[in-house]
1. Can you name the condition, by its number, that Tyr83 falls short on among (1) at pLDDT 90 or above; (2) hydroxyl-bearing (Ser, Thr, Tyr); (3) surrounded by fewer than 22 Cβ atoms within 10 Å (Cβ to Cβ)?
2. Looking at the structure I just gave you, is Ala104 within 16 Å of Leu142 (Cβ to Cβ), modelled with pLDDT under 90 and more than 14 Å from the chain's Cα centre (by Cα)?
3. Would you list the helices (runs of 4 or more DSSP H) that sit entirely within region 48-136 and hold 1 or more residues that are within 15 Å of Phe150 (Cβ to Cβ) and out of contact with any His (no Cβ under 9 Å at 6 or more places or on another chain)?
Amino acid sequence: FLFLFTPIFYLMCARLSVTRSHYPKIFSKFGAMIFSEIINENYEPREYPALALLSDQWAQIRPFWGCKVLVATPIFRNTLVEYRALLAGGASLYVGYAVGNSGATMPCDKKIVEMLQEEDVPVVTDADIKSGKVADDFDLILDCAGQFAFCHPRKGFVELTRSGVQFFDFLKSRNTRCMWLTAES
C-alpha cells in the first residue's frame, strides 16, 4: 500500500543535512540488503512491483535521507517490503505498535517483531513515546487507527486506512498544527 503515497512521501521528506553517523541501516549483519532473505523466500517482485521499483530508485536518490520515520501499521512479514523501501530511501526507520495503553491494540506477528529487534530496527510502543523513553521527534508518521496521533511530527502524518481520521479531525478542531493525508487526499 506504500505506492499510494509515493508522491506524498517524496514531497514531505525533503533531504536534511546529517552526518555520516546518522546513515540509516540498510544492510543486515551478514551484508545482504536487510530483510531480503525473508522477502525473497516468500514473495516475487511481481507481487510488489511498486515497492520493488521504489526500493531500487530510492537507494539511488535517497529521498528520505535524514528523515526519522515512524511506521505504525500492522507488523507482519509482508510489511518488511515497505520497511526495506523506506530504509533504501535513507529513512531512519522506527516501527511502532500500540499495546493497548491508548485504547487500541494493533495486530502483529511476534516473530517479525523479534526479528526487527535482532536487526537493530527500533520497535517502539505508544507508551515508550508518552513516557519519554523514545523522543517524539519524528519527521513523518505513517499511522493506522490513530495510534500515534498524540505525536508531533515535523512533516506530518499519513493515515493509511482512514481508520484514524477521527483522531486527526479532533486535533484539527483544537487548532493543533496537524497535516495529515489519506489515500483519498
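The values are calculated or read from the model by the stated rules, or taken from the named source; none is laboratory data. Just so it is clear, the structure is predicted and the values come from calculations on it, not from any experiment. So basically every Cβ, Gly included, is an ideal-geometry build from the backbone, and we count neighbours across all protein chains shown.
1. (3)
2. Details: within 16 Å of Leu142 (Cβ to Cβ): yes; modelled with pLDDT under 90: yes; more than 14 Å from the chain's Cα centre (by Cα): yes.
Judged against the criteria, Ala104 is a match.
3. Working: elements: 49-61, 79-88, 110-118, 126-130.
Once the helices (runs of 4 or more DSSP H) in region 48-136 are filtered for at least 1 residues that are within 15 Å of Phe150 (Cβ to Cβ) and out of contact with any His (no Cβ under 9 Å at 6 or more places or on another chain), what remains is 126-130.
Here is a yes/no grid of residues against (1) in contact with a helix residue (DSSP H, G or I) (Cβ under 6 Å, 6 or more places away or on another chain); (2) of a type in the set (Gly, Ala, Ser); (3) modelled with pLDDT of 90 or more; (4) under 24 Å from Ala135 (Cα atoms):
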position: Arg15; (1), (2), (3), (4): no, no, no, yes
position: Ser21; (1), (2), (3), (4): no, yes, no, yes
position: Ser28; (1), (2), (3), (4): no, yes, no, no
position: Ile61; (1), (2), (3), (4): no, no, yes, no
